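Step one of this worksheet: look at the structure below.
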């Protein structure tokens with residue numbers, strides 16, 4: 001497995017942006033490469049900082065499409081699909097979190113590093129029939145914050161960004177979660193305001 005992982009990462013690095021997109025897609029859908037996308041992104045941006053926007057976009061878009069594939073499969077298969085693939089205890093916990101926190105249950109795990117079980121919440125969101133637009137927005141914001149944030153650190157610190165993230169990972173994570181919660185509260189307020197304006201007959 002290690003040899004295969006090294007081969008995939010070497011191929012993705014040689015391909016640049018498209019390779020980063022492919023690796024991010026696979027990691028977010030059918031396979032799992034813990035932190036490999038992050039390391040490759042940091043390495044590429046550290047080498048070519050002027051391509052930050054390109055690499056960040058490739059990593060983020062690959063993850064959006066990959067997670068949407070899982071979401072769509074779970075949405076079509078419903079709760080039975082999820083229960084065939086996860087332990088009963090994990091299924092119940094994931095459903096509770098998704099039903100209680102909505103898009104936050106997808107957005108927050110999307111910015112957190114392993115061992116946070118991000119795919120479990122993706123599948124639960126699909127099975128619970130979270131609206132597709134809400135799901136896509138949550139993943140876009142979460143993964144965008146994560147990958148563009150790592151890209152900025154790589155542009156500033158080069159390869160030392162890896163050590164910086166290792167040393168200050170907890171503080172960075174707390175800061176990102178605060179940003180995510182602020183985004184979610186703003187989104188909830190805006191959605192409720194739109195519903196109120198629509199029900200009152202006022203133009204939106």
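General observations
- Taking the listed residues 154, 171, 160, the one that is more than 15 Å from the chain's Cα centre (by Cα), at pLDDT 70 or above and exposed (fewer than 12 other Cβ atoms within 10 Å of the Cβ) is 171, with no other qualifying.
- Here residue 21 does not fit the description of being part of a loop (DSSP other than H, G, I, E, B) and farther than 17 Å from residue 123 by Cβ.
- As for segment 131-138, it holds at least one residue that is free of Cβ contacts under 8 Å to residues at least 12 places away in the same chain and within 21 Å of residue 179 (Cα to Cα).
- Residue within segment 27-36 that is in a helix (DSSP H, G or I), modelled with pLDDT of 90 or more and within 18 Å of residue 116 (Cα to Cα) present: yes
- Scanning segment 102-135 for residues that are in contact with a helix residue (DSSP H, G or I) (Cβ under 8 Å, 6 or more places away or on another chain), surrounded by fewer than 17 Cβ atoms within 10 Å (Cβ to Cβ) and assigned to a helix (DSSP H, G or I) yields a single hit, 132.
- So residue 21, is it over 20 Å from residue 141 (Cα atoms), touching a helix residue (DSSP H, G or I) at 6+ places or on another chain (Cβ under 6 Å) and either at pLDDT 85 or above or crowded, with 16+ Cβ neighbours inside 10 Å (or both): no
- There is no residue in segment 75-85 that is within 25 Å of residue 132 (Cα to Cα), within 16 Å of the chain's Cα centre (by Cα) and part of a helix (DSSP H, G or I).
- Looking only at segment 139-151, and only at residues there that are in contact (Cβ under 8 Å) with a residue 60 or more places away in the chain and over 16 Å from residue 41 (Cα atoms), the one that is nearest to the chain's Cα centre (by Cα): 139
- Yes/no for residue 50 being more than 19 Å from the chain's Cα centre (by Cα), part of a helix (DSSP H, G or I) and modelled with pLDDT of 90 or more: yes
The values are calculated or read from the model by the stated rules, or taken from the named source; none is laboratory data. What you are looking at is a predicted structure, and each value in this text was computed from that prediction instead of being measured. In this analysis, Cβ positions are derived from the backbone assuming ideal geometry, glycine residues included, and neighbour counts consider all displayed protein chains.
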